[in-house]
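Engineer: The structure that follows is given in the form of structure tokens.
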Amino acid sequence: MAEILFLVHRAPWPPDRGDRIRSWHMFEALAKLAPVHVAALADGEADAALARAKMTPLCKSLAIEVRKESRPLALAQAVLNGEPVSNRLFRNAALKRHVDALIGQGGITHIVAFSGQMAQYMPARFDGPVLMDFVDVDSAKFGTYAEQDKRQPLNWVHRREARTLGAYEAEVARRVDASLFVSEAEAALFRSRSGLGADRVRAVENGIDTDRFDPATALEVVGTGDGPLAVFTGQMDYRPNIDAVRWFAADILPLIRTRHPSARFAIVGRAPRAEVDALAALPGVTVTGEVPDVRPWLGAADAVVAPLLLARGVQNKLLEAMAMARPVAASAAAATGIDAVPGEHLLVADGTDAMAEAVCQLFDDRAAAATMGRAARARMIARYGWDARMVPLGELLGLPG
């Protein structure tokens, strides 16, 4: 009798941010193959309680521990031990003891780890299939941070993390049966870095629940006002999102307002940092903070924008907006990995002037923007159903669906 151990860096429920959306649908797919034991971390007690309430009846066993490691302490310990800071941030002795005891009982036949930080919980030797879903090449992200922050005092932290985490990712990939990434672009990058071939490094793309993200759904009315509305959604304590909205609010929106003086910009997402909250003082800018449901804001948008300077993998925020039939203006980085045709399913623009022009184009011609939104939703339905995206898991684990 097969039993799967699913190691997750953040408990998958609720699926309200990019990593948890992917891990939740992965959990659902694994549960169709065999009973699943989940061992996960949570960012706080409230998150842990929500996940336990939802997932306990669905799992063979469930263990969730709250992460308490501080960043300064994690950095100090990582430097002393010559390891990635990311691993220290997600290290939990109680969860490690639980995993070791569970594997020691002998019932676990397959292991799936979600996010590279969870590889440290895998046994050194295991007889059954092991999958590692890295999702993105995190070490490349830190390499980009290092390039962007050359003059910052802590630049060395990012350079060190890019180096140590990159070496760790490659070492983990060599000892598991397959490494998964969210897009073919990420998988190809990792193959070039690790020297492993396509038989060991695979793309398993994200999907979208097109029944939930359906523009025909009756939703709360939000974002009312006189001018056209651009919306950005995302976790607002995440640096690439912070950089994106600061750029849009400070540089791009003023250009848009020269043609559309009443144009508005809503930043929608939980945990906004102080620099994000401060943007609400700019003309036309609203910072909502956490909302119970992003769909009303997507539905209210005349354009959904994703001016990300740094993006890894596939952006769930774009899949959601396109499934809601909203016209999208995205940077090339944000659009990378999405199987859609620029100009038909979304607009792709890089640079301040080009992004402002793209949004103005959507505001200027509402009929054309609506046509693009309908084409985007049709593309999502045809290409990005979650069940289809998760089919490779059964094949890779040797478990019939």
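The values are calculated or read from the model by the stated rules, or taken from the named source; none is laboratory data. In this text the structure is predicted, and so the values were computed from the model without any measurement. Backbone-built Cβ (ideal geometry, glycine too); neighbour counts: all protein chains shown. Areas reflect the complete protein model, heavy atoms only, side chains present, ligands, DNA and RNA absent. Shrake-Rupley method; radii C 1.70, N 1.55, O 1.52, S 1.80 Å.
Engineer: When the accessible area of the chain is split by element with a 1.4 Å probe, what percent falls to carbon and sulfur?
Structural biologist: Here carbon and sulfur together make up 52 percent of the probe-accessible area.
Engineer: Rounded, prolate or oblate: which fits the range 237-362, taking a ≥ b ≥ c as square roots of the Cα gyration tensor eigenvalues, rounded meaning a/c under 1.5, else prolate when a/b beats b/c?
Structural biologist: The shape class here is rounded.
Engineer: Per residue, how large is the accessible surface of the chain? Use a 1.4 angstrom probe and give square angstrom.
Structural biologist: For the chain, the per-residue accessible area is 42 Å².
Engineer: Residues of the range 6-27 with amide nitrogen under 19 Å from the 7 Å Cα-to-Cβ point of Ala46?
Structural biologist: Residues 10-21 fall inside that zone.
Engineer: Still on this structure: Return the sequence-ordered ³J(HN,Hα) values of the range 302-318 in whole Hz as given by the Karplus equation 6.51 cos²θ - 1.76 cosθ + 1.60 applied to θ = phi - 60°, using x for Gly and Pro.
Structural biologist: Per-residue couplings from phi come out as 7, 8, 9, 10, 9, x, 6, 7, 10, 8, 10, x, 9, 7, 4, 4, 6 Hz.
Engineer: Can you give the longest run of the chain that contains no trypsin sites (Lys or Arg not before Pro) sitting in a DSSP loop with at most 10 other Cβ atoms inside 10 Å?
Structural biologist: Between exposed loop sites, the widest span is 152-401.
Engineer: Compute the angle between helix 352-364 and the longest alpha-carbon principal axis of the chain, please, reported from 0 to 90 degrees and rounded to the nearest 10.
Structural biologist: Once rounded, the angle reads 70 degrees.
Engineer: Estimate the FRET efficiency between Val341 and Arg212 by the formula 1/(1 + (r/R0)^6), using the beta-carbon distance for r and 30 Å for R0, to the nearest 0.05.
Structural biologist: Rounded to the nearest 0.05, the efficiency is 0.75.
Engineer: Report the gain in length on full extension from Glu290 to Glu220: 0.36 nm times residue separation, minus Cα-Cα distance, nm rounded to one decimal.
Structural biologist: Full extension from Glu290 to Glu220 adds 23.7 nm.
Engineer: Counting only other residues whose beta carbon sits under 12 Å from that of Ile256, what net charge do I get with K and R as +1, D and E as -1?
Structural biologist: Taking every Cβ under 12 Å from that of Ile256, the sum is -2.
Engineer: Can you work out the Karplus-derived ³J(HN,Hα) for every residue in the range 268-281? Use 6.51 cos²θ - 1.76 cosθ + 1.60 with θ = phi - 60°, whole Hz, and x for glycine or proline.
Structural biologist: Values, residue by residue: 10, x, 6, 6, x, 6, 4, 5, 6, 4, 5, 5, 5, 6 Hz.
Engineer: Within the range 102-199, report the chymotrypsin sites (Phe, Trp or Tyr not before Pro) that DSSP leaves as loop and that have at most 15 other Cβ atoms within 10 Å.
Structural biologist: none
Engineer: Label the range 149-248 by shape, choosing from rounded, prolate and oblate, from the square roots a ≥ b ≥ c of the eigenvalues of the Cα gyration tensor; if a/c is under 1.5 it is rounded, and otherwise prolate applies when a/b is larger than b/c, oblate when it is not.
Structural biologist: It comes out oblate by the Cα gyration axes.
Engineer: Let me ask another. For a test of the definition: using alpha carbon positions, the gyration tensor, and the 1.5 limit on a/c, classify the chain as rounded, prolate or oblate.
Structural biologist: In terms of gyration-tensor shape, prolate.
Engineer: If we count every other residue with Cβ under 12 angstrom of Gly351's Cβ, Lys/Arg +1 and Asp/Glu -1, where does the sum land?
Structural biologist: That sum, taken over residues with Cβ under 12 Å, equals -4.
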